Every structure is written in C-alpha cells, then in structure tokens.
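Read the structure below first, then the notes.
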Amino acid sequence: MATPPTTTNTQTLTITPLPPRKPFVPSLRTPSNRKTIYDRNLNRTKTSETSLASFAYLFNTLISYHHALSPSVSELETRLNRAGYPIGLKLLDLLLYRQPPRSAARPTRLLDLLQFVHTTLWRALFNRSADALEQSTSKKEEYMIVDNEPVVNTYISIPKEMSQLNCAAFVAGIVEGVCDAAGFETEGVSAHWAGEGDEMWPGKTIFLLRFKESVLAREEAFKNAG
C-alpha cells in the first residue's frame, strides 16, 4: 500500500524593523539667540526689580490655588509656608554668591543668621530691611522679626470668616528655608498679626522663629569656647 505524500505548510515570518526614534524636541521656547533664562549671569539681575502688579497677580493666583485645596485657615497657611520653603533653601546660596567676595560668609552664629535674615534677605525680597528684631523674654529659643507692612498682605482682600489668615505665611516659609539651609534647624517659622489697635500699622506682622535645642546647645558651646 503506497504512502501518501506528506505536505508541509511553510509560513514566512515577516519582521518589520522599528522606525528610528524621533529626535527630542524641547518644549521650552527659546529666543532667536538660542539662550534661555538659565544662561543668564546670576549677577546680571542683582539690582533688577519685579513689577509689583505682576507679583500681586501671581501671588493672588497662588493663594486662590491653595485656598481651593484647603479646608481651613490653618491648612491654607501651612500650604503657603510649604510653597515658600524651597525658595528659601535656594535663596541662601544665591544671596551669598551675589555678595562681594571679601564679605561673603555663610552665617555660623545665631546672631549672624538673624542679622542676615533681618537685613540681607529682606532687602533682596522687599528692597528694605525688616523693622525690628527681638528675642522672646520668656523662651530663649524664640526670636521675632517684625514687619510693619508686609507687601504680601497689601493687595489681599480677606473675607470676615477668614480674618485670622495671614498670607505672610509664604514669607515665613522662605525664612524657614534659609535657616535650615544655613544649618540652623527650626521647629517652624510662623506669621502672626500684631497690628490690632495700631492705627499707624494695622497690618503689622511678627515672624516667630523657634529654633531647636540642638542649635542653642551649639551656640552655647561656641560661647564657652571663647
């Protein structure tokens, strides 16, 4: 009995090569000279000022954004504080870089840091020094920086049900970031109204800096070492 022929179905597998990857096209728009803001010299904008109208618009937008996500006044102030904190971390190195080489020194003592915040930081942010620098009479770890009229509260309209809100919590976050970047860790920096009953400065704000015990212990060691 003859065996029937065997047939084999051979399928040809066709492999299509992947197309070459498209070149990366950055989404950042660049001017005709092909330079962005990151190419600028850090000292070029040292004396330039930001438009107050532009700042007020952007800051109001920032507040509106966080207000929509905050169930309470304290939560809103916490969010504003956290928004300012990373700015302070970076601002310390920038301000030290812009100082003359002979006088550029990172603060190593607590009083030097407080003077730096009171004068150098405030001038960089608001083109003037803060109005006062005081130490708490009851708690040695607490210091107060006084601003009679913070610009961040100048164009803010606060409803009656949120009368306790102080938008200078954003500046308090910047101050906290500067302190931590300098190695002076804090328990927190907060902004408090202090202008009630003051006809001349109704918007006076106190920035309360609460340093950790380790900072005070280090400061005491410096004093004992002479």
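Quick one: Ile158 ticks every box in (1) surrounded by 14 or more Cβ atoms within 10 Å (Cβ to Cβ); (2) without any contact (Cβ under 8 Å) to a residue 40 or more places away in the chain; (3) more than 17 Å from Val73 (Cα to Cα) bar one, so which box is it?
In the conditions (1) surrounded by 14 or more Cβ atoms within 10 Å (Cβ to Cβ); (2) without any contact (Cβ under 8 Å) to a residue 40 or more places away in the chain; (3) more than 17 Å from Val73 (Cα to Cα), Ile158 misses (3) alone.
Being touching a residue at least 60 places away in the same chain (Cβ under 8 Å) and not hydroxyl-bearing (Ser, Thr, Tyr) is the filter; apply it to the range 68-79 and report the residue that is surrounded by the fewest Cβ atoms within 10 Å (Cβ to Cβ).
Going through the qualifying residues, I end up with Val73.
So that you can scan it fast, the table gives a plain yes or no per residue for (1) at pLDDT 95 or above; (2) hydrophobic (A, V, I, L, M, F, W, C); (3) closer than 27 Å to His67 by Cβ:
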| residue | (1), (2), (3) |
| --- | --- |
| Arg128 | no, no, no |
| Ser136 | no, no, no |
| Lys139 | no, no, no |
| Asn153 | no, no, yes |
| Ile158 | no, yes, yes |
| Leu165 | no, yes, yes |
| Val175 | yes, yes, yes |
| Val178 | yes, yes, yes |
| Gly203 | no, no, yes |
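Can you tell me how many residues in the range 50-67 are without any contact (Cβ under 8 Å) to a residue 60 or more places away in the chain, under 18 Å from Phe126 (Cβ atoms) and polar (S, T, N, Q)?
Total satisfying the criteria: 3.
Could you say which residue among Ala169, Ala130, Ala181 is open to solvent by 30 Å² or more (accessible area, probe 1.4 Å) and among the hydrophobic types (A, V, I, L, M, F, W, C)?
Ala181
Please work out if Ser136 is more than 19 Å from the chain's Cα centre (by Cα), farther than 15 Å from Val152 by Cβ and loosely packed, with under 12 Cβ neighbours inside 10 Å.
On the way: more than 19 Å from the chain's Cα centre (by Cα): yes; farther than 15 Å from Val152 by Cβ: yes; loosely packed, with under 12 Cβ neighbours inside 10 Å: no.
Considered against the rule, which asks whether it is more than 19 Å from the chain's Cα centre (by Cα), farther than 15 Å from Val152 by Cβ and loosely packed, with under 12 Cβ neighbours inside 10 Å, Ser136 comes out as no.
Would you mind stating whether Pro101 is outside any helix (DSSP H, G or I) and surrounded by 13 or more Cβ atoms within 10 Å (Cβ to Cβ)? Don't jump to the end; show me each part of the working.
Working: outside any helix (DSSP H, G or I): yes; surrounded by 13 or more Cβ atoms within 10 Å (Cβ to Cβ): no.
So Pro101 fails the test.
In the range 112-123, is there at least one residue being farther than 17 Å from Ile87 by Cα, open to solvent by 30 Å² or more (accessible area, probe 1.4 Å) and in a strand (DSSP E or B)?
So far as the range 112-123 goes, no, none of its residues is farther than 17 Å from Ile87 by Cα, open to solvent by 30 Å² or more (accessible area, probe 1.4 Å) and in a strand (DSSP E or B).
Tell me whether the range 47-67 contains one or more residues that are in contact with a Pro (Cβ under 7 Å, 6 or more places away or on another chain), open to solvent by less than 70 Å² (accessible area, probe 1.4 Å), under 23 Å from Val146 (Cβ atoms) and at pLDDT 90 or above.
There is no residue in the range 47-67 that is in contact with a Pro (Cβ under 7 Å, 6 or more places away or on another chain), open to solvent by less than 70 Å² (accessible area, probe 1.4 Å), under 23 Å from Val146 (Cβ atoms) and at pLDDT 90 or above.
Ser214 versus (1) part of a loop (DSSP other than H, G, I, E, B); (2) among the hydroxyl-bearing types (Ser, Thr, Tyr); (3) out of contact with any Phe, Trp or Tyr (no Cβ under 9 Å at 6 or more places or on another chain): which is the lone unmet condition?
(1)
Can you list residue pairs whose Cβ atoms sit under 7 Å apart, with the first residue in the range 81-108 being more than 11 Å from Ala182 (Cα to Cα) and the second being of a type in the set (S, T, N, Q)? Count only pairs 6 or more apart in sequence or on different chains.
These pairs meet every condition: Leu95/Thr120; Arg98/Asn43.
The values are calculated or read from the model by the stated rules, or taken from the named source; none is laboratory data. All values derive from a computational prediction rather than experimental measurement. Cβ: placed from backbone, ideal geometry, glycine included. Neighbour counts: every protein chain shown. These area figures cover heavy atoms from the full protein model, side chains too; ligands, DNA and RNA do not enter into them. Shrake-Rupley method; radii C 1.70, N 1.55, O 1.52, S 1.80 Å.
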